[in-house]
Structure formats: structure tokens, C-alpha cells
Amino acid sequence: MTAKSKYLFLVNLGFLGFTIFSSLFEIATGKENLLANLNIETSVKSPLDKLKVEQNENIFLTLKVFADKQYDYDQNIYLAKGNVKATINGWILRSDLLSYEKSTGILAAEGNIRFSKGGQYFRGEEFQFNLLKKEGIIKNVYGILDVENVLDDLKIDSNINKIEPQNSPDIHLKNTYNDGIEFAFGNIKLPKNKITKSDKSIGLINNWRFKSDLININQNGWTSNRINFTNDPFDPHQIAFEGIDVIAEEDDEGKLLITTSKTNLILENRTRIFFGKRIFRNEKKKKNKFGLILDGKDRDGLVLVRRSNKTKINDNVELQFQPQFLISRALSGKTNSYDRDKSKDNKAVNLADVFGLNLKVEANYKDWEFYSVNDLSTLNTKWIFSGLRHSSSLKKYFKMPIIDNSSFNIFTRYRSRAWNGTIGETEIKSAYGGFLEKTYPFEVAEVKNNLNIRLGTGKYEAEQLENTEIISLWRSSFFASLDSEYQIWKSNRRKIDQKKYMLLSPVLINPELILRTNINSAYFKYEDSSDQSFLKLSFGPEIRLGKLEKRFFDYTKLSVMPGVKVKSGNSPFKFDNAIDLKTVNISMLQQIYGPLMVDITSNLNIDNNSKNYGEYYDTKLGLLYQKRAYEFGIYYHPNNDAGGIYFRLNGFEFGNSVNPVF
């Protein structure tokens, strides 16, 4: 909803563009020799006598008018009829009829009105504007707005040789998935869309289609009883936003301000969700101030969080606070999150226990970067160190001979959570150290590869492998991994109807078969003279079948990667000991019915010599509602009691979809 509203202001710019065009038209048509022929060109350097011009800067314009017929009645009324085309410095206005009455200052266009410049495009049935009173109307208007270029496209350009737009909607372009906005609640990292293989959400949508029965233009801005917007390039649209009693005007800071008395989200042209009065400005979508997360480990369940904007200390340091209210803990009046080893009984809480805090610190200086996260699940001083989790890193990028671009990292940890296969969750009580790291993507023939190398040392205080006793040891480590991908087969579909085949996906789906491999190797040396080394090889196919064109089971994405690990020695720690020597990773995305899909990822121990044989770990479960213009998902991670929901609004770079039907 926020996305739509934030771009209502662009309509204002569009019709201010109409206003500017009208004013320029009057200035140009004031010349006595305007009607000498059908191809008129004139340069103007004077304001209208009847208009109050606040700025005295010179405006150089070039006006061209083309029409089947042109008339000039008593030097007062100018009329152009039949295939009218008027251009001013890259602005293009087409209509069946164009008239200007000098005595009243009324400029009017009728019949198949089309206005375009750059990526902006407007249609309408009737346009009237009084240049003297600076007010007018546009009836049955439909348009396309290109947010990224709207300011350049609609400004008065003094360059009379400006090239006419090459990206007009009259040119047949593809409707491509380009950007988007997402809204989320929860404490999991949002997954990428496994169909598009990407998440292009950038906090705004660049292209919108809009329509309105009537827009009133006045000196302060414009008003409309109703305006509809959609990000969907096709009709019938899948999602739209309706603004009621819309007012666009300039605020005290000289910025455009949009106010609606009522805003509705419309799904599938049927379901309406009411959002009430809204006030919007031209800004990227900000995260909701309030959100919900699920944390059964540290916070006993459901938590309400309040997000804040980053606070700048100076040019190099930023802080971000996130106060938290622990709903489940407050309702139960008990907690079992602290000192679990001493007692399994729930403990009574006081007022300070139902509040938490997350503090992030970011700093940079030249090519150094510092990042710190400090998470408090209680403000009770009794449990303050039992409720604190901390991590920080200081990173410097540099170039070295042979390995080229690399990074040096210094890190600290306190009560850091770690997951190690079927062992499950364990805790690193404290750690500090440093490492060098190099990541190198490259291609060999048609094989895509990504190489990662890490060399470092650190001191760790963590649980022992065989029990929960805490030990503290230095560890030196070398780690390397190579991920490779080779496309064995991919279907190729050409010259198809995007509208027909993109009902359930923002991109066209091409079935394919990919072979993936992963090689991991590591060597760890510990202060107590023990060591550990291992080599793991995983490989397997990823197949994508179906095209999401039918109602039932018309899309399956399945990846199966068996893995074998060979190891020598053991770690004295629980968190980094190499276990699960034979595994299989399974990932599946399956259409059930229409837009309803299930997403499952998990790992299975298949080593029959292991005491954890047959156990699943690192499991993620998702239920998705997937459409072309938007998607909705619910995810749950049972291994760490985490979950979340999200909503994505997909943006497109519009092509030839200029039909005002939606």
C-alpha cells in the first residue's frame, strides 16, 4: 500500500507537465506569423502580458505544430484539426483537435489525446486549461509513469536540440521484472524467489499505470475524487491501489505532498482492504516501524519490535535502536530462557524482563568498515549477561600479489548461537580473532564457479564435544570451498504471449536441468595439540519442470545433493566438529493448486554408522501464494523456533501495455 501512495505524487508531476506544456504553447502561439504553414518553428524569449510570471529567467522554446488543417480566426482563436501533433523541446502532444482562445486564455484538446515525453505517457478524452487562471481539467485520463526519469522528462529544458524520446510506450518493448517492494515480519532472513532466482526488491517501484475519470488542475496542484494505480503491466490486473479524495500540493519545504482521505488495496479486482487516510511524499519505502518476531529460544515466543531510523553520530558512525516488548513472556509472567542448566522450571519475571533491545553500530573510515550487533532479551540487571548476545567485525579491503582483492577481518563474539548438523544448536560463549578471506567468482567453458578461501586464528570459549562443560582454546584454521554449476539442458520458448504465460510468475519459466557440485576442505589446529581435517564432496542435479500455466502441479523445482565427508581427528569443541559424514540435501518447490505452493528444504543424515542416522536438520518450511504482480509467504524454521511472513510487490519495466482497461 505504501508503495502505491508514495508514487501518487508522480501524477502531479505529470499533469504539471501538461500545465507547463500549455503555458509554453501560449507563448509560442502568440507570434503573428504562427499560421504561415503546417510546420511552424519559433523561438520565444518573452513572457505573456496577462500572466503573472514570478521568475524573470529567459526560456528558449521551439514549437512545431502538424495537422491536416489549421485556422486562425481574427488573430484570437487558433484551431488545428486532424492528426494534430505538437512538439516543444521533446514534449509531444497528439489529438484530433487542438484549440487556443487568446482572449480567454483557454487551451483545449479533444479526441484521442496522447501526451508523452521520455518514459512518461498519458491518454485522455478531453483536456482544458485556462492559462490566465492556471486551472483546468482532464477527463478519462490514463497514464504510465517512469519514476526514475520523471523529473528530467517533465522539466523545462532549454536545449532546443533535445532528442525526442526513444523509450516511449509506443515502441514495443518487453514487460520485464525490474524492481519491487517487500513488507516482512519475523526473525528469519527472507528467501529469494526460487522461480526468478532473485529478489529485486529495492524499496520502490519505478513504473506505474494509473487512471481517473476526472482530474482538476489548479494553481496549487491538483485534486481528484478517485485515482487507481497498478504495478501490473497486463490486464486484467492482479493488484491495484485506489485513492479517494486525492489532493496533491506543495508543502512548506517546497516538496510535493499527497493526501488521501481513504486508500484501498484491491486484489484480483474483487477483494478490497481498507487503509484509511494516508499522507505520502517522494521517498523510498521505509520499513514498518512496528513488527512481530518469533523467538522461542531467548524471548519465550512472540515479540513486538519497534524499528527506528539510523541516527548519525558524525559522518562516520551510525546507530540504530530497536526497542522490544516480549508479548508471550508478559502474558505468561514466566521465563525459562536463563540459567537453563541449573533449573528446568519456569522463573517468574518482573517488569524489566518483558522489555528487550537490539542495538546496531556501523562505522567506516577510509577502507575500514566496522559493524556491531548487540541483542538484549531482557533489561533486568540480574540476567543482563545471560540475556546479551554480541557480535562485531572490523574489516579492511586491500590488494595482495597473486590473490588480488581480499579482506582482513577482526571479530569478537559473545554468546553466539551456532548450528552443527544433527548435533543441533550449541553456543560459543566468547570468541575473538582475525582472518584473511578471498572470494573469487570465475567461469571455465560453460561452468560457473565461486571459490572462497579463508585463513585465520582465534580464541574460542565454547562447549566441549562430549558434554556441556565450557573450555577455552586457541584455534588456527584454513578453509576452502568451491561451488560449481553447469547447465545441462534448458528449453527455449520464443514469440509467446507474455500475458498468457505470466499469470503466476513475474518471469517466463524455462524448464532446465543443472548439475551442481560443492567441494569443502578444512584444517583446524587447537591449542591442546589436537587437530581436525576433512574433505567434503557434494554433487547432484537440480531440475525444473513445468511452466506454471496450468492449475494443478504444473511446476516442480527439485534439487537432490548427496554428500560424502572424509575426516581425520576430532575437534575438542562441539560447534565445529565434523559430523554427519554421509548426508543428502533436499530442496523442493512444488505448485499445489493455482498460486499455492510449498517450499521445503532439509538435510538428512544417511550414515548408518552414525548414532544420528535418519535424523533431519536445518529444515525450512514455507507456504507461498505466488502471482505475477505480487507474492505472499509464511516460513517456519523448526530447529530454532524461528518464523516469519512477507509480502512482495513486483515491479516491471513496461513495454507496449498501454491499454486503459484496468
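Residue check: is D576 of a type in the set (D, E) and touching a residue at least 40 places away in the same chain (Cβ under 8 Å)?
yes
Filter the range 288-320 for residues that are of a type in the set (V, I, T), more than 23 Å from the chain's Cα centre (by Cα), over 30 Å from A348 (Cβ atoms) and assigned to a strand (DSSP E or B) and give the result.
V317 - this is the single residue of the range 288-320 that is of a type in the set (V, I, T), more than 23 Å from the chain's Cα centre (by Cα), over 30 Å from A348 (Cβ atoms) and assigned to a strand (DSSP E or B).
Which strands (runs of 3 or more DSSP E) sit wholly inside the range 184-277 and have at least 2 residues that are surrounded by 15 or more Cβ atoms within 10 Å (Cβ to Cβ) and in contact (Cβ under 8 Å) with a residue 60 or more places away in the chain?
207-218, 221-230, 239-250, 256-267
State all residues of the range 584-614 that are among the acidic types (D, E) and assigned to a loop (DSSP other than H, G, I, E, B); if no residue qualifies, say none.
D607
Taking Y71, is it over 20 Å from G124 (Cβ atoms), assigned to a strand (DSSP E or B) and either touching a His at 6+ places or on another chain (Cβ under 6 Å) or at pLDDT below 90 (or both)?
Against the criterion (over 20 Å from G124 (Cβ atoms), assigned to a strand (DSSP E or B) and either touching a His at 6+ places or on another chain (Cβ under 6 Å) or at pLDDT below 90 (or both)), Y71 qualifies.
Looking at S407, S416, S430, can you tell me which residue is small (G, A, S), more than 30 Å from G614 (Cα to Cα) and within 32 Å of the chain's Cα centre (by Cα)?
So the residue among S407, S416, S430 that is small (G, A, S), more than 30 Å from G614 (Cα to Cα) and within 32 Å of the chain's Cα centre (by Cα) is S407.
If we keep just the residues of the range 404-423 that are on the phi > 0 side of the Ramachandran plot and among the charged types (D, E, K, R), which is surrounded by the fewest Cβ atoms within 10 Å (Cβ to Cβ)?
That would be D404.
Out of all the residues in the range 484-543, which are of a type in the set (K, R) and modelled with pLDDT of 90 or more?
Residues satisfying the conditions are K490, R516, K525, K536.
Taking the range 75-112 as the search range and keeping residues that are basic (K, R) and either outside any strand (DSSP E or B) or within 41 Å of the chain's Cα centre (by Cα) (or both), which one is surrounded by the most Cβ atoms within 10 Å (Cβ to Cβ)?
R94
Just checking, how many residues over the range 370-403 are more than 32 Å from the chain's Cα centre (by Cα), among the hydrophobic types (A, V, I, L, M, F, W, C) and surrounded by 16 or more Cβ atoms within 10 Å (Cβ to Cβ)?
Residues flagged as more than 32 Å from the chain's Cα centre (by Cα), among the hydrophobic types (A, V, I, L, M, F, W, C) and surrounded by 16 or more Cβ atoms within 10 Å (Cβ to Cβ) within the range 370-403 amount to 2.
Sort out which residues of the range 426-456 are of a type in the set (A, V, I, L, M), more than 23 Å from M400 (Cα to Cα) and in a strand (DSSP E or B), and write them in order of number.
Answer for the range 426-456, where residues must be of a type in the set (A, V, I, L, M), more than 23 Å from M400 (Cα to Cα) and in a strand (DSSP E or B): I428, A431, V444, V447.
Inside the range 497-539, can you point out the residues that are touching a residue at least 24 places away in the same chain (Cβ under 8 Å), of a type in the set (G, A, S) and surrounded by fewer than 18 Cβ atoms within 10 Å (Cβ to Cβ)?
Selection gives S521, S530, S533.
Quick check on the range 113-122: of everything there that is in a strand (DSSP E or B) and out of contact with any Lys or Arg (no Cβ under 6 Å at 6 or more places or on another chain), which residue is surrounded by the most Cβ atoms within 10 Å (Cβ to Cβ)?
For the range 113-122, the residue satisfying everything is K117.
Of the residues L596, L621, which is farther than 26 Å from T176 by Cβ, in contact (Cβ under 8 Å) with a residue 12 or more places away in the chain and surrounded by fewer than 21 Cβ atoms within 10 Å (Cβ to Cβ)?
So the residue among L596, L621 that is farther than 26 Å from T176 by Cβ, in contact (Cβ under 8 Å) with a residue 12 or more places away in the chain and surrounded by fewer than 21 Cβ atoms within 10 Å (Cβ to Cβ) is L621.
For the range 599-618, name all the residues that are free of Cβ contacts under 8 Å to residues at least 40 places away in the same chain and not hydroxyl-bearing (S, T, Y).
Within the range 599-618, I600, L604, D607, N608, N609, K611, G614 qualify.
Do you know which of the residues in the range 598-640 that are of a type in the set (D, E) and touching a Lys or Arg at 6+ places or on another chain (Cβ under 6 Å) is nearest to L302 (Cα to Cα)?
Restricting to residues being of a type in the set (D, E) and touching a Lys or Arg at 6+ places or on another chain (Cβ under 6 Å), the top hit is E631.
Mind checking which pairs have a first residue in the range 66-87 that is touching a residue at least 40 places away in the same chain (Cβ under 8 Å) and over 15 Å from R114 (Cα atoms) and a second that is of a type in the set (D, E, K, R) and not in a loop (DSSP other than H, G, I, E, B), Cβ under 8 Å, 6 or more apart or different chains?
These pairs meet every condition: Y78/D72.
Please find, within the range 113-143, the residue that is farthest from the chain's Cα centre (by Cα) out of those that are at pLDDT below 85 and of a type in the set (A, V, I, L, M, F, W, C).
The qualifying residue farthest from the chain's Cα centre (by Cα) is L132.
If we scan the range 574-583, do we find a residue that is part of a strand (DSSP E or B), aromatic (F, W, Y) and closer than 30 Å to G458 by Cα?
Looking through the range 574-583, none of the residues is part of a strand (DSSP E or B), aromatic (F, W, Y) and closer than 30 Å to G458 by Cα.
Could you please tell me which pairs satisfy a Cβ distance under 6 Å, a separation of 6+ or placement on different chains, a first residue in the range 463-490 that is within 23 Å of S533 (Cα to Cα), and a second residue that is assigned to a strand (DSSP E or B) and among the aliphatic types (A, V, I, L, M)?
Q464/I471; F478/L455; F479/A522; A480/I453; L482/L451; L482/I519; S484/V447
The values are calculated or read from the model by the stated rules, or taken from the named source; none is laboratory data. All of these numbers come straight from a predicted model, not from anything done at the bench. Please note: Cβ atoms are built from the backbone with ideal geometry, for glycine as well, and neighbour counts cover all protein chains shown.
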